[in-house]
Each structure stands twice: as C-alpha cells, then as structure tokens.
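Values quoted throughout were computed directly from the atomic coordinates according to the rules given, and no laboratory measurement underlies them. Just so it is clear, the structure is predicted and the values come from calculations on it, not from any experiment. Glycine gets a Cβ as well: all are built from the backbone with ideal geometry, and neighbour counts include every protein chain shown.
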Amino acid sequence: MTAAIAIDGLEVIFDRFRALKGVSLEVKEGESYGLVGESGSGKSTLLRAITGLAPVAAGAITVNGKRLGKTRDKAFYRDVQMVFQDPYGSLHPRQTVDRLLQEPLAIHGIADGEKRIERALDEVGLGTGFRFRYAHQLSGGQRQRVAIARALILEPSILLLDEPTSALDASVQAEVLNLLEEVRRRRKLTFLMVSHDLAIITHMCERLMVMQNGEAVETLTASQLIGHRVSADYTRNLLRASEGFVRTA
Amino acid sequence: MSVATIQSRREWLLSDRPASRLQARLGRAYVAWRRFSANRLALVGMLIIIGLLVVAALADVLAPYSPTFGDLKNARLLAPSAAHWFGTDDLGRDIYSRIVYGARWTLYVVILVAIIAAPIGLLVGAVAGYAGGWTDTILMRITDIFLAFPKLVLALAFVAALGPGIENAVLAIAITSWPPYARIARAETLTVRNSDYIKAVQLMGASPFRIVLRHIMPMCISSLIIRVTLDMAGIILTAAGLGFLGLGAQPPLPEWGAMIASGRRFILDQWWVAAAPGAAILIVSLGFNLLGDGLRDALDPRSGDQ
C-alpha cells in the first residue's frame, strides 16, 4: 500500500525557535495515525506544516505520492482538510452555517451545493434545522460538528485533526469521536490526529508517534501502548501521568 | 395588527433555528435594532437624521421662497417674522428656504465623502493588515503622511490646487478623512487575521483577495460604520469651514457654511443671518453624533454574542 502522508526530516523554525527538529513519519492510506506528546512538543506544528500554515525550513512532505513545495494548490486542499481544536474560534462569527459550508464549494466551483450542504449536515447528525444558525446559536459540540461538516464537504481523502475534542466536555467528546470514527469508516479516510489524551489516541488510532521537544521519541502500535510495551522513558512517564493521581495511603 | 401577530412575528425574528437565509439575516438585524432602540438618545439622533433626509427630499414643497432669488428692493435683512420664519439675508432671500435647500448640499457632501473615504480606508487598512510585511509598511507610511497634516489645512491645500467649488471640497475632505478609517480597518484586521476561522478559509484554498473581501472586511465594517457616523459631524463642519473660507460651495448655492460666512458681516445687528444656518449645522452634527453613539452600542462586535 502507498503512503498517504510521508514526512522526511521535517524542520520548522519560527524566528530562530526550532519547533520541529527533523521529524519523519509515514501514514498509510486509510490508516488512523496518532501524534501524542505534551504541550509544545510540536505535534500541532506538524499538522500546520502539512497544510502550509507553518514555515517549513527543511525536509520533505509527500501527500498521496505528490511532493509538496512551498505553496499548496487548490487540488491539495480538496485532498487534505483539517479540523481545528477550538470550535469557538474556528467558525466565522458573522456567518451562518449555510454560508460557512457554501464557502468551500464556491472556492472550488462545485455546482451541486444545495445537495452537498444538506448531505454534509445530515452526515454529522445536525439536520437542516441548523442550517441558518450563526455560530453563537450553537453549542460547542454542534460547532465542532459544523467544523467537521465543513472539512468533509470537499470530500477529502485525508483529515488532519488537531485535538478535535479537547475543548469539549466528556460526554460530547465521546459523541464527536464516534462521529469521526463513523465518517472514517464510511469514507475510508486517512486520519492524522493530534491529542495529548492517550485514551483517545488508543481508542481512535492504530499507530502512533510519541513526540517531545519537536522530536520523535518512538513509534508504537495502539496495542503496544495498551500493553505498556514501550521502550522510551518519556513514554513511560506519559503513561504514568495519564493514569492520573494515585493516592498512596 | 393584533397583539398576537406582533408576538408571533417577534418570535419568528428571534427564532433559534431560522428556516431561511432571509430569516437569519432579519433576526440578526432585529437584535441589533433592539439594542439600538434601547438607547433613547440614539433614537433622537436617528429622528434628526431622518428629518434631514425628509427636508432634503421635500425641499421643493417645504420652501416657500426661491433659495437663490431674493427681493432686493423690499426684503433685505428682515428680522424673523411670520412671512420669513428665519428672516432674510442681505440679498433679500428667505433664510428658511435657503436652509431647507441647504439640507440637500449637506447630505450631498456627507454622503459623497462617506462613499469615497470609507471604502478607500477599509481597503487600504484590510490589505495592509492582512498582507503584512512590505505592503503593510508602505501603505501605513502613506497613511501616516496623510495623518500628519491637520485635516482642514490639507483640505485647504487641495481645494486651492483643484479650484474652489463644492465638488472639489468633497474630494478634498474625502482625501483627508480616509487615513483614520485605514487605521481602524488595519487594527481590526490584525485581531482577526490569525484566528482559526480565517485559517480555516485559507485551508480551503481561498485566494487572499477573497479572504480579505469576504471574511475580513465584514469584521471591520461595524467599527467603521460607527466611526464614519461619528465623523459625519466633523465632515459637515469641515465642509462648512471650507464654505466659510470661500473655498467650498460658491454663491449662490445655499450651503450652510457659506451662509454663515456671508452673515458674518451683519452678525452684530442682524444676528439671524448667521445664527440660523449655525443652528442647523449644530443640530445635524448633534444628530449624527447621537446616532453614532447608538450604533456603537448596537454594532460593537466585542459586546455580546453578535
């Protein structure tokens, strides 16, 4: 199988700060791949580098067999879409859901807009009752569903998820994660998902990479993580931290 | 209309789940209107401006005399009376009629300046803020140069170069009043350009032009509308100032500033010649200021969940 995303020796530098120090990874087609690490470990930067939002200093990114240059063309954005972390910030405050969903269709000159919008809203479980609402008339979970619908409306093959549920409360988190799982199965999408929550990553992803300070610590499968068969000390600490506070009597 | 239908209309407007684009837009406008109309003074301001519009539109009906031809023989410098409500000027023209027609010129100046200056400022500011780098530096330094001149002096220089006349006065005022709008638009742009919702449109492959025009400008527009409305009074006063200096409207145009200028000569004995247009400028300026304040409450993007 070919790689959907292949990254080789990626460096990202923001004003002399090396946010990524030569990271390499490979995500297979149809796979769900997780990136784990503490805040500032460079996992979100990696996603942003793929989309062209972060300045790439060195290294190569290949998506669906095509090597990416400095700029991304429209065809790229039809293949790769992203869901942001904060659903309160990722929807334009002056636009209705309808307008938000129409925008990508207008940019790419897609004709059957009406049908696509209705289908996208149905797919994320919102229905047309939400179509003409503004962002402030939606709850956090509903907003994230709209953001997912917006990402899906161009029918991409790869979805980048930047902590898509960390701003939501636990019950809504589960709903959104299930929705993402379902969408992935139905559309055979490739996921590259960032999270600091190990439970979510083990639930959603088959393989994962642990990151620290802009470097890859190790690559694991979900079952290795569940079985605690890890080799790096950092991962062991991360696992211990994720078990939460344990009272010692 | 019965109470019940009014009630159901309000519910339709305030609905949480609008069923059409129109309903969503009207609902939003209604919320803004409710916030605006809660401010009594803003309503007074709006009434003054509506009054100005009505007077300008119906000038032919409202004015009993010609604004440009007077009765030089019998009606020079008459005090206010039943026949001439605001008296007459040195050429025997009815001042009330001149003020009624002057409303047209005031509106003409204010609207043209707003139409020219606001879009220039919005475009310059939004492009500078979004593009950043060299574009930003160059555009903002040009803005700074314009800001460095006192407004009236720069307008005077332009009128002196272009020749006196109300059209040139409008141009001169427009040229001098866009820089603050560019500053506001740039500031607003800087606050939204790095937000996730702008990144999201970038990730759809939208062109920078489209992002600025359709996603950033709408975020700048409400603060711009507020600022322009508050500036209207200043524009009227600048136009009046230019008229007063003889560089704006030329006789016999019934422009309020020019009317004050011609009344200056008789200000001690025939006070009404200058006082009537002065009061008109005062009231209209006040109206625009009150309206602007009300709009600030209604449209401010930072207040509430607009």
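Structure summary
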| read-out | value |
| --- | --- |
| Share, in percent, of DSSP beta bridges within the protein assembly as shown that are antiparallel, nearest 5 | 55 |
| Neighbourhood charge, 13 Å Cβ-Cβ cut-off, centred on B:A63 and excluding it, Lys, Arg +1 and Asp, Glu -1 | +1 |
| For B:V61, A:V172, order by how many other beta-carbon atoms lie within 10 Å, fewest first | B:V61, A:V172 |
| Global form of the protein assembly as shown, assessed from the alpha-carbon gyration tensor, a/c cut-off 1.5 | prolate |
| Euclidean distance of C-alpha centroids, the range B:154-197 and the range B:80-131, integer Å | 17 |
| Only Lys, Arg (+1) and Asp, Glu (-1) charged, at Cβ; the protein assembly as shown dipole about Cα centre in debye | 340 |
| All lysines inside 25 Å of A:K74 as judged from Cα atoms, apart from same-chain residues fewer than 8 positions distant | A:K28, A:K43, A:K66, A:K115, A:K188, B:K199 |
| Amide hydrogen neighbours beyond the local backbone of A:G214, cut-off 5 Å, H modeled | A:G42 |
| The range A:74-105-the range A:172-237 distance, computed between alpha-carbon centres (Å) | 24 |
| Chain B, relative contact order [Cα under 8 Å, separation at least 6], % | 23 |
| Average partner coverage of A:122-135, which counts Cβ from other chains inside 10 Å | 3 |
| Largest to smallest principal axis extent of the C-alpha atoms in the range B:46-299, angstrom | 76, 37, 25 |
| Footprinting exposure proxy for A:F132, B:F149, A:F84 (fewest neighbouring C-beta atoms within 10 Å first) | B:F149, A:F132, A:F84 |
| Helical mean residue ellipticity (222 nm; -39500 (n - 2.57) per DSSP H run of 4+; nearest 500) of the protein assembly as shown | -18000 deg cm²/dmol |
| Of B:D60, B:D136, B:D196, the one that fluctuates the most in a GNM where chain B has Cα springs shorter than 10 Å | B:D196 |
| Cβ neighbours within 10 Å from other chains - mean over B:209-215 | 2 |
| Beta bridge orientation in the range A:97-249: antiparallel %, DSSP, nearest 5 | 55 |
| From phi via Karplus (6.51, -1.76, 1.60), per-residue ³J(HN,Hα) for the range B:24-29 in Hz, x at Gly/Pro | 4, 5, 5, x, 5, 4 |
| Chain A: angle of helix A:170-187 to the longest principal axis, Cα-based, in degrees nearest 10 | 80 |
| Calculated FRET value between B:I142 and B:S2, using beta carbons and R₀ = 60 Å, to 0.05 | 0.55 |
| Helix axis angle, A:233-242 relative to chain A longest principal axis, alpha carbon, degrees | 60 |
| Where N is the number of residues in the range A:123-230, Cα Rg divided by 2.2 N^0.38 Å | 1.18 |
| Under-5 Å amide H pairs with A:A57, H placed in peptide plane, nonlocal only | A:E11, A:V12, A:I13 |
| Extreme residue, positive dipole direction of the protein assembly as shown, given options B:L26, B:Y130, A:A174 (C-beta unit charges) | B:L26 |
| For chain B, built as a Gaussian network whose Cα springs stay under 10 Å, the top-fluctuating residue of B:N74, B:N289, B:N168 | B:N74 |
| Selection of trypsin sites (Lys or Arg not before Pro), the range B:47-107, meeting DSSP coil and at most 16 other Cβ within 10 Å | B:K73, B:R76 |
| Gaussian network model of chain B, springs between alpha carbon atoms under 10 Å - residue of B:S37, B:S81, B:S15 with greatest fluctuation | B:S15 |
| Test item: A:156-169 mean partner chain Cβ contacts at 10 Å | 0 |
